[in-house]
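Readers should treat all values here as calculations from the given coordinates under stated rules, not as data from a laboratory. Worth saying up front: this structure is predicted, and the values here are computed from it rather than measured. Backbone-built Cβ (ideal geometry, glycine too); neighbour counts: all protein chains shown.
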Amino acid sequence: MITGSHACRTAMLALDHKGLPYETVVLATGLHPFLIRLLGFPGNASPIRSVDGHTGPALALMDRMGTVPALRHADQRAQTNLAIIDFLEELRPEPPLFPTDAAHRAAVEEALRWGDGPLQMAARRTVMAAAGTSLAALHERGARGRLGPLLAGNGPGRVLLNGFAARTTFAAGTGHSEALVGELGGLLDRVDGWIADGTLNGGQLNAADLMIAPSLALLDYRLDLREQLRARPAYALLERLLPEPVAVGR
């Protein structure tokens with residue numbers, strides 16, 4: 001995993017849901033695609049992510065080298081959240097990550113794929129764009145929160161890593177912030193709609209809940225978005241899975 005990764009938190013939530021103990025290995029952000037190969041994970045034959053429908057050279061290289069989350073169980077390995085979720089379902093079927101009803105399962109699978117793709121990327125870019133102006137735009141300057149410290153454990157490292165990734169990989173410079181925030185309402189409307197129809201945040205948590213909540217948690221770091229996010233049904237899902245950490249004396 002890398003520090004503060006919303007994608008990695010989904011894998012951790014899935015392991016928690018299954019009641020499986022695990023150890024985390026924290027990799028240096030930015031070097032993680034190379035380090036993950038040294039740990040025996042194969043990467044991907046072709047890029048698996050895009051930004052506004054396009055995969056630039058830096059993102060393509062990261063995807064081909066391999067990224068996190070990545071799971072090792074004995075001599076078996078699973079990489080990407082979708083593969084990890086399938087692996088855990090086979091390894092320990094109970095409690096399930098998908099409903100038994102066919103129509104409900106189809107809706108959960110749609111929400112899962114969307115959460116793994118458009119929402120995850122939008123949350124990443126939206127928070128990166130805010131941090132490009134000043135870490136003061138983030139809760140606790142990105143040092144603490146529902147996902148822990150973002151990208152690095154210290155402020156200078158956070159600024160350096162955020163700026164480099166925003167410029168070279170994720171098209172998330174400060175000039176993108178207004179457009180990204182403008183698109184956010186539609187994304188949150190979709191989450192709220194799935195909550196209203198029972199696809200998300202029902203009596204039994206499912207894989208889509210675990211996929212979507214960490215992206216909401218990342219968005220909650222951005223202080224100017226908190227009022228909008230916290231007024232929505234989506235916030236109940238966030239609080240259910242990733243409640244605000246209790247402040248402790250420092």
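Between the residues 135, 223, 118, the greatest Cα displacement towards the positive end of the dipole of segment 104-250, with unit charges on the Cβ of Lys, Arg, Asp and Glu, is found for 135.
Each peptide among 105-116, 235-246 gets the average number of other Cβ atoms lying within 10 Å of its residues, and from highest to lowest they stand as 105-116, 235-246. Helix-only arithmetic for the chain: the sum of -39500 (n - 2.57) across DSSP H runs with n ≥ 4, divided by the residue total, places the mean residue ellipticity at 222 nm at -15500 deg cm²/dmol.
When you count the other C-beta atoms within 10 angstrom of each residue and take the mean per peptide, 20-26, 136-142 line up highest first as 136-142, 20-26.
Dipole of segment 6-91, Cα-centred, from +1 at each Lys and Arg C-beta and -1 at each Asp and Glu C-beta, to the nearest 20 debye?
Details: 7 positive and 8 negative charges, 49 e Å.
Rounded to the nearest 20 debye, it is 240 debye.
Could you work out how far the C-alpha centroid of segment 4-18 sits from that of segment 76-106, in angstrom? Comparing the Cα centres of segment 4-18 and segment 76-106, I get a distance of 13 Å.
Which distance in Å, rounded to a whole number, links the C-alpha centroids of segment 31-49 and segment 175-250? Between the Cα centre of segment 31-49 and that of segment 175-250, the gap is 29 Å. When the P(r) of the chain is calculated, the portion above 34 Å amounts to 12% of the C-alpha pairs. Overall, the chain carries a charge dipole of about 880 debye about its Cα centre when +1 sits on the Cβ of Lys and Arg and -1 on the Cβ of Asp and Glu, all other atoms neutral.
Quick one: compute a quarter of the convex hull surface over the Cα atoms of segment 1-126 and quote it in nm². Mind dumping the intermediate values first?
Values: hull surface 33.3 nm².
With every direction weighted equally, the projected area is 8.3 nm².
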